[in-house]
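J.: Sending over a structure as structure tokens; questions will come in a sec.
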Amino acid sequence: MSGLNLLHSNDRQGMHAPSWYAAINPDHRERPALAGTRDCDVAIIGGGLTGISAALHLARAGYKTVVLEAHRAGWGASGRNGGQVGTGQRRDQDYLEARYGADTARRFWQIAEEAKALVRDLIRDLAIDCHPIDGIIHADHKPGYVGHSRAYAEKLQRDYGYSAIRFLDLEEIRSLVRSDRYFGGTFDSGAFHIDPLAFCLGLARGAEAEGAEIFENSEVMSVEEGDRVRLKTSRGELRARYLLYACNGYLGHLQPQIAQRVLPINNFVITTRVLTAEERAAILPSDAAVADSKFVINYFRMTHDNRLLFGGGENYGYRFPADIKAFVRKPMLEIFPQAKDIAIDHGWGGTLAVTVRRLPLFQRLAGNILTCTGYSGQGVALATLAGRIAGEAIGGQAERFDLMAKLDTPRFPGGTLLRYPMLVAAMTWFALRDRL
């Protein structure tokens, strides 16, 4: 992995992934690359949800803000993911209460609830056509997990006043998800799913309308820290009072302090051809998205145009499989063998970032340099709110940034040198555990 640059190893320069999202959201507006020397208040590296949300909120607050994106706005995981806008942090409230205490855990819950609300508000206020559909099902792939799902739904109702979640028994989950692989779970009507690329591109247009600038095909080659940060690309230089790293899985070795705490991993998604009403009824009659209880998670949903979108598969390296459609079709058919004759229209991969404890990393690297990253698969809502929270911290209101910075995100043992062999070992172990 030492010589592999994930910004360029699996994708064509300046081209969105060959996803269903890109097919229905052709982004014909190419933004210029940074050229020459420019000055601004805030520089942001990364044109995904964190960076563009930060640019939107900072521009609204009057800051001259510039985003540098190595490819295209929404190019990375922000525009390639399953589109699920889930409830809570990546770890459940039981874990957060045990580790941080009930009061702090409740504040983390409130942050996560605000994240969902912010996504809904931005969709409405910016008139973003990203097809929001309510409902996410958590599906237990082992009978032994069902009791915890029941208890957790009751806990959220009782202790957090969250009435949008309810328990699903065997009969009900199999009426919603036509698979014999699931034994129970929960239905969360307060969560929802969207087209994430359309959402990210809508945010970008909103940020630019507020005065933010987004430069594409502008990979940052080096950063010189100081009272005024200097960022160099192949064609230009940007000088700023503040810097936000919003690179997530595509950070590479640009900032070693961050790189030691995040691990890039690949994930893969397919969409089928449009299903008939009979095919859909036999596979996934529910409008809700689904995420299962495996560590190497399967997640899927029906799109607004009646395709099955399915994410899954185990990948032990940083190179994408030669045939992503075949790679993801295998776990899809394990869940839905009745889909064996349905053609796959799109297959794509992307890189996200996870942390040791699967909680996001909010870190102040210097007085004027921050990062928000490592959402570990819970990024659509949390990354969007992270941009707002980073903007607050730059504006001097750091209470919520400091709260999120309390989440324990230690360095990976062995730092960046051992992250890759650790990935192989961990994925092998957890994939085995999922099967047992």
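Values in this text are rule-based calculations from the coordinates and carry no lab data. These numbers were taken from a predicted model, which means no experiment stands behind them. Cβ atoms come from the backbone with ideal geometry, glycine included; neighbour counts cover every protein chain shown.
J.: May I ask you to compute the full-extension gain from Leu365 to Met221, defined as 0.36 nm times their residue separation minus their alpha-carbon distance, rounded to one decimal in nm?
T.: Result: 50.0 nm gained on full extension.
J.: Give or take rounding to whole Å, what are the principal axis extents of the alpha carbon atoms in the chain, in descending order?
T.: Sorted from largest, the Cα extents of the chain read 62, 47, 45 Å.
J.: Moving to a separate point now. Using all Cα-Cα distances in the stretch 120-176, what percent lands in each 5 angstrom bin from 0 up to the longest?
T.: The calculated distribution, bin by bin, is 4, 15, 20, 17, 14, 12, 11, 6, 1.
J.: For the stretch 225-312, what is the largest minus smallest coordinate of the Cα atoms on each principal axis, given in angstrom and ordered from greatest to least?
T.: 62, 29, 20
J.: For the pair Arg158 and Arg107, how long in nm is the line joining their label points, each one 7 Å along Cα→Cβ?
T.: Rounded to a tenth, the inter-label distance reads 2.6 nm.
J.: Which FRET efficiency value, to the nearest 0.05, is calculated for Lys232 and Lys340 with the Förster distance at 45 angstrom and r the Cβ-Cβ distance?
T.: 0.30
J.: Could you tell me the ratio Rg/Rh of the stretch 7-123? Both radii from Cα atoms, Rh via Kirkwood.
T.: Ratio of gyration radius to Kirkwood radius for the stretch 7-123: 1.05.
J.: Specify which residue in the list Val269, Gly226, Gln110 is farthest towards the positive end of the charge dipole of the chain, using unit charges on the beta carbon of Lys, Arg (+1) and Asp, Glu (-1), about the Cα centre.
T.: Checking the options against the dipole of the chain, the answer is Gly226.
J.: Something else about it: Could you identify which residue out of Ala115, Ala73, Ala405 has the top mean-square fluctuation in a GNM of the chain using Cα springs shorter than 10 Å?
T.: Among Ala115, Ala73, Ala405, the largest GNM mean-square fluctuation belongs to Ala405.
J.: Relative to the Cα centre, what is the charge dipole magnitude of the stretch 100-172, using +1 at the beta carbon of each Lys and Arg, -1 at the beta carbon of each Asp and Glu, and rounding to the nearest 20 debye?
T.: Dipole of the stretch 100-172, to the nearest 20 debye: 240 debye.
J.: OK, next. About the Cα centre, and with charges only on the beta carbon of Lys, Arg (+1) and Asp, Glu (-1), how big is the dipole of the chain? Nearest 20 debye, please.
T.: Around 860 debye, computed over the chain.
J.: Under 28 Å between C-alpha atoms is the cut-off here; go through the chain and count lysine pairs that meet it, provided they're at least eight residues apart or on different chains.
T.: So the count of such lysine pairs works out to 18.
J.: Over the Cα atoms of the stretch 214-260, what radius of gyration and what Dmax do you get, in Å?
T.: Computed over the Cα atoms of the stretch 214-260, radius of gyration and Dmax are 10.8, 29 Å.
J.: Would you please report the Å³ per residue occupied by the convex hull of the alpha carbon atoms in the stretch 145-229?
T.: It is 264 Å³ per residue.
J.: Would you mind calculating the relative contact order of the stretch 204-302 from Cα pairs under 8 angstrom and at least 6 residues apart, reporting the percent as a whole number?
T.: Reported relative contact order: 12 percent.
J.: Could you give the length gained by full extension between Ser189 and Glu114, i.e. 0.36 nm per residue of separation minus their alpha carbon distance, to one decimal place?
T.: 25.4 nm
J.: Let me ask something else. Just the projected area, averaged over all directions, of the convex hull on the alpha carbon atoms of the stretch 185-248: how many nm²?
T.: 7.4
J.: Another question, if that's okay. Between Arg12 and Arg411, what length comes free when the chain is fully extended (0.36 nm per residue of separation minus the Cα-Cα distance, one decimal in nm)?
T.: 140.5 nm
J.: Let me ask you something else. Using the basic label-point model (7 angstrom from Cα toward the beta carbon), what is the Ala282 to Ala326 distance in nanometres?
T.: Once both label points are built, they end up 2.5 nm from each other.
J.: Let me ask something else about it. For Glu399 and Asp180, what does the FRET efficiency come to when R0 = 56 Å and r is the distance between their Cβ atoms, rounded to the nearest 0.05?
T.: The computed FRET efficiency comes out at 0.70.
J.: From a point 7 Å beyond the Cα of His28 in the direction of its Cβ, which residues of the stretch 110-130 have a backbone N at a distance under 16 Å?
T.: Of the residues in the stretch 110-130, none has backbone N under 16 Å from the label point off His28.
J.: Give me, ordered by chain and number, the residues 5 or more places off Glu237 or on other chains with an amide H under 5 Å from its own placed amide H.
T.: Amide H neighbours of Glu237: Gly36, Thr37, Arg38.
J.: Once the Cα atoms of helix 379-394 and of the chain are each reduced to a long axis, what angle between those two axes, in degrees from 0 to 90 to the nearest 10, is obtained?
T.: The helix 379-394 is inclined about 30 degrees to the chain.
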